[in-house]
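Student: Can you keep this structure in mind? I'll have questions shortly.
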Amino acid sequence: MATRAEVNHIGRSVRPYTTEPEASDSHAPTRTPFLLRSRFARNETKDSVSQWVSYVDWSIVVLAVLSVCIFTFGGFREQVAGVTISIKSWTRLFAAAALLTGIRHAFVLTPSMPQLCAHQAVAFWRSDARRDVWPAFISTRLTVLLVGYLAVVTFGVPPGIERFRVSHNQIENLLARWDVAWYLGIITKGYEWDGNAVRQQSVVFFPAFPIITRAVGLFIGQRWLLAGLFVALSAFFVALVYMYRLARDVLDPEQARVAVWALAAYPFSAYYSVPYTEALYLLCSVTAFYHVNRANWLRAAALGYVVGLCRPNGFLIALPLGILVLQHMIRERRVLLTACTPVIAPIAGILSYSFFLYLRFGDPLAWRKGQLAWGRAYVGIWSGLEALWTDRYDAIVHYGLYDYSSKNPYDLMYTVAAVFVLVSVVPTIRRFGLAYGVFTLVNILPPLMIGGMMSIGRMTSVLFPAFLWLGSVVPPRYVPAMIAVFCTIQGLVAALFFDWRPIF
């Protein structure tokens with residue numbers, strides 16, 4: 001039987017999306033209950049009914065879960081753009097779920113909502129994607145948090161280095177590190193900007209992650225750190241699932257598994273276990289590529305819009321997505337207006353944030369001006385790349401590798417990460433297509449040009465094409481060694497981060 005491993009580049013056709021589990025996710029037949037088997041056997045209902053029924057059913061589940069959260073943690077009253085949103089009673093959400101359930105079953109009696117949701121949940125749980133992703137996710141995410149906690153209680157935080165606290169309990173305070181303070185400030189107080197470009201202010205942090213975290217936190221008693229961790233971990237898990245599915249389009253199952261493990265174990269993937277925006281950025285980027293490859297233009301556009309709201313350079317994903325769209329049009333020999341939406345959406349994302357800043361502070365470019373306070377200034381493409389090589393080469397030649405590594409350990413780690421992703425660009429283009437290499441370039445070059453090595457480690461962690469390339473080239477006998485080395489260094493990064501060392 002033909003498998004996705006036979007597909008040797010993204011340009012070839014792929015199986016369109018359906019609500020059923022993907023054939024590639026499981027090579028063993030899935031046992032389906034009789035009622036569902038008879039229902040799903042009807043081709044005429046798969047597209048016209050099962051899609052919207054699935055959406056309605058999961059909406060009912062979400063409403064039921066939210067009603068439980070309100071019952072447990074209490075309600076909230078929120079002002080959004082001058083409109084008051086008040087949810088104080090769990091019974092209203094539960095009644096909405098019950099009403100939607102009645103309407104749904106009035107139109108589609110079988111399969112019932114519990115049957116359909118159970119079928120999809122079981123199918124996912126039995127899928128290859130879940131089986132290959134779950135161990136990598138659990139082992140790396142929990143280990144990072146455990147190592148961080150043990151580092152704090154054993155090594156201790158050096159006096160005078162701690163920036164802020166939210167609790168005297170080390171476990172409750174564990175996530176309160178570095179940029180988390182800025183996100184907490186945005187979530188609780190909103191954005192601040194006084195026009196002073198040399199003073200660090202919150203406008204440089206884009207709103208996608210704070211908005212989603214606040215929405216989640218309102219339903220769990222305003223436990224913002226816990227909400228941020230939930231958003232980050234959930235986004236990373238789903239990102240790994242789509243990473244696996246995307247990898248199965250171009251790699252065999254074992255190589256796809258290696259790519260997932262390489263991403264999860266990558267040293268700077270430690271940031272996926274804290275309330276940072278990296279997990280959300282990775283999720284939306286990977287799924288945008290996945291859906292563009294399947295010509296799901298509106299889904300890709302929605303994800304691209306969120307990417308544009310995640311980071312200052314997030315809108316640049318429009319370029320690789322545009323390449324994929326153009327390749328699709330060339331293959332189909334026709335121009336599709338809807339296919340342009342994934343290209344426009346990321347740009348619309350950054351324009352939306354700029355428009356908000358204009359309305360709020362009268363300065364649509366405050367997010368760009370504020371970068372100066374962090375020492376980020378444009379130095380040019382060549383100057384940025386030249387500094388990557390010449391500055392470090394000169395330092396090693398004049399002072400020796402030992403002195404350089406002992407006096408600039410963080411710079412050394414960042415340099416190795418930057419070189420790794422830059423080296424991956426050409427083979428990535430050859431193996432997977434131009435769009436994948438361009439995605440890496442538009443994510444790594446802007447930070448190098450305006451900030452040098454600052455935070456470059458965590459910025460490389462979202463460059464999924466580099467890990468696809470690793471999955472395709474690392475021989476099986478070397479995979480355990482690679483993962484062991486990655487995990488060891490990831491533990492080091494975690495210990496440094498949670499001990500307030502300047503690795504951010």
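Student: With the structure loaded, tell me whether residue 299 is among the basic types (Lys, Arg) and surrounded by fewer than 24 Cβ atoms within 10 Å (Cβ to Cβ) or whether it fails that test.
Tutor: Details: among the basic types (Lys, Arg): yes; surrounded by fewer than 24 Cβ atoms within 10 Å (Cβ to Cβ): yes.
Criteria met by residue 299.
Student: To continue, here is another question. Could you grab me the full set of residues in the range 285-336 that are more than 26 Å from residue 205 (Cα to Cα), in contact (Cβ under 8 Å) with a residue 60 or more places away in the chain and part of a helix (DSSP H, G or I)?
Tutor: 291, 293, 323, 324, 327, 331
Student: Turning to a different aspect of this structure: Determine which member of the set 54, 67, 127, 50 is under 19 Å from residue 214 (Cα atoms), surrounded by 13 or more Cβ atoms within 10 Å (Cβ to Cβ), under 29 Å from the mean Cα position of the chain (by Cα) and small (Gly, Ala, Ser).
Tutor: Of the residues listed, the single one that is under 19 Å from residue 214 (Cα atoms), surrounded by 13 or more Cβ atoms within 10 Å (Cβ to Cβ), under 29 Å from the mean Cα position of the chain (by Cα) and small (Gly, Ala, Ser) is 67.
Student: Picking from 360, 376, which residue would you name as being at pLDDT 90 or above and charged (D, E, K, R)?
Tutor: Going through 360, 376 in turn, the sole match is 360.
Student: To continue, here is another question. Scan the range 152-165 and give yes if some residue there is in a helix (DSSP H, G or I), assigned by TED's automatic domain parsing to the domain that holds residue 270 and surrounded by 15 or more Cβ atoms within 10 Å (Cβ to Cβ), otherwise no.
Tutor: Within the range 152-165, one or more residues are in a helix (DSSP H, G or I), assigned by TED's automatic domain parsing to the domain that holds residue 270 and surrounded by 15 or more Cβ atoms within 10 Å (Cβ to Cβ).
Student: Tell me, which helices (runs of 4 or more DSSP H) lie completely within the range 420-497 with 1 or more residues that are aliphatic (A, V, I, L, M), in contact with a helix residue (DSSP H, G or I) (Cβ under 8 Å, 6 or more places away or on another chain) and under 30 Å from residue 156 (Cα atoms)?
Tutor: Result: 456-460.
Student: Please go through the range 177-216 and pick out each residue that is of a type in the set (Phe, Trp, Tyr) and outside any helix (DSSP H, G or I).
Tutor: Once the filter is applied, which keeps residues that are of a type in the set (Phe, Trp, Tyr) and outside any helix (DSSP H, G or I), the range 177-216 yields 178, 191, 193, 205, 206.
Student: Turning to a different aspect of this structure: Condition first: crowded, with 23+ Cβ neighbours inside 10 Å, closer than 26 Å to residue 371 by Cα and either in contact (Cβ under 8 Å) with a residue 60 or more places away in the chain or β-branched (Val, Ile, Thr) (or both). Can you find one or more residues in the range 424-433 that meet it?
Tutor: Among the residues of the range 424-433, not one is crowded, with 23+ Cβ neighbours inside 10 Å, closer than 26 Å to residue 371 by Cα and either in contact (Cβ under 8 Å) with a residue 60 or more places away in the chain or β-branched (Val, Ile, Thr) (or both), which makes the answer no.
Student: Here's another thing I want to ask about it. Under 9 Å between Cβ atoms, which residue pairs at least 6 apart in sequence (or on different chains) link something in the range 489-504 that is in the same structural domain as residue 417 (by TED's automatic domain parsing) and buried (at least 18 other Cβ atoms within 10 Å of the Cβ) with a partner that is assigned to a helix (DSSP H, G or I) and of a type in the set (S, T, N, Q)?
Tutor: Sorted first by the residue in the range 489-504, then by its partner, the pairs are 490/140; 490/143; 490/269; 491/143; 493/269; 494/143; 494/273.
Student: On the basis of being surrounded by fewer than 24 Cβ atoms within 10 Å (Cβ to Cβ), at pLDDT 95 or above and either among the charged types (D, E, K, R) or within 19 Å of residue 435 (Cβ to Cβ) (or both), does residue 290 make the cut?
Tutor: yes
Student: If a residue must be in contact with a helix residue (DSSP H, G or I) (Cβ under 6 Å, 6 or more places away or on another chain) and assigned to a strand (DSSP E or B), how many such residues does the range 58-86 contain?
Tutor: Total meeting the criteria: 1.
Student: Can you pull out the residues in the range 240-274 that are out of contact with any Phe, Trp or Tyr (no Cβ under 6 Å at 6 or more places or on another chain) and not in a helix (DSSP H, G or I)?
Tutor: Correct list: 251, 252, 274.
Student: Working carefully through the options 477, 431, 458, find the one that is in the same structural domain as residue 270 (by TED's automatic domain parsing), charged (D, E, K, R) and under 22 Å from residue 277 (Cβ atoms).
Tutor: 458
Student: Does residue 281 qualify as being within 18 Å of residue 327 (Cβ to Cβ) and hydroxyl-bearing (Ser, Thr, Tyr)?
Tutor: no
Student: Return yes when residue 146 is in the same structural domain as residue 227 (by TED's automatic domain parsing), outside any helix (DSSP H, G or I) and modelled with pLDDT of 90 or more and no when it is not. Even if it seems obvious, please write down each step before you answer.
Tutor: Working: in the same structural domain as residue 227 (by TED's automatic domain parsing): yes; outside any helix (DSSP H, G or I): no; modelled with pLDDT of 90 or more: yes.
No, not satisfied.
Student: Hey, among 370, 400, which residue is farther than 18 Å from residue 455 by Cα, out of contact with any Leu (no Cβ under 6 Å at 6 or more places or on another chain) and at pLDDT 80 or above?
Tutor: From the options 370, 400, the qualifying one is 400.
Student: Tell me, please, whether a residue that is under 24 Å from residue 293 (Cα atoms) and either more than 16 Å from the chain's Cα centre (by Cα) or among the small types (Gly, Ala, Ser) (or both) can be found in the range 450-465.
Tutor: yes
Student: How many residues does the range 454-477 contain that are without any contact (Cβ under 8 Å) to a residue 60 or more places away in the chain and surrounded by fewer than 24 Cβ atoms within 10 Å (Cβ to Cβ)?
Tutor: Adding up the residues that qualify gives 5.
The values are calculated or read from the model by the stated rules, or taken from the named source; none is laboratory data. Predicted model, so just to flag it, every value in this text is computed and none were measured. A quick note on method: Cβ atoms are made from the backbone with ideal geometry, for glycine too, and the neighbour counts reach across all protein chains shown.
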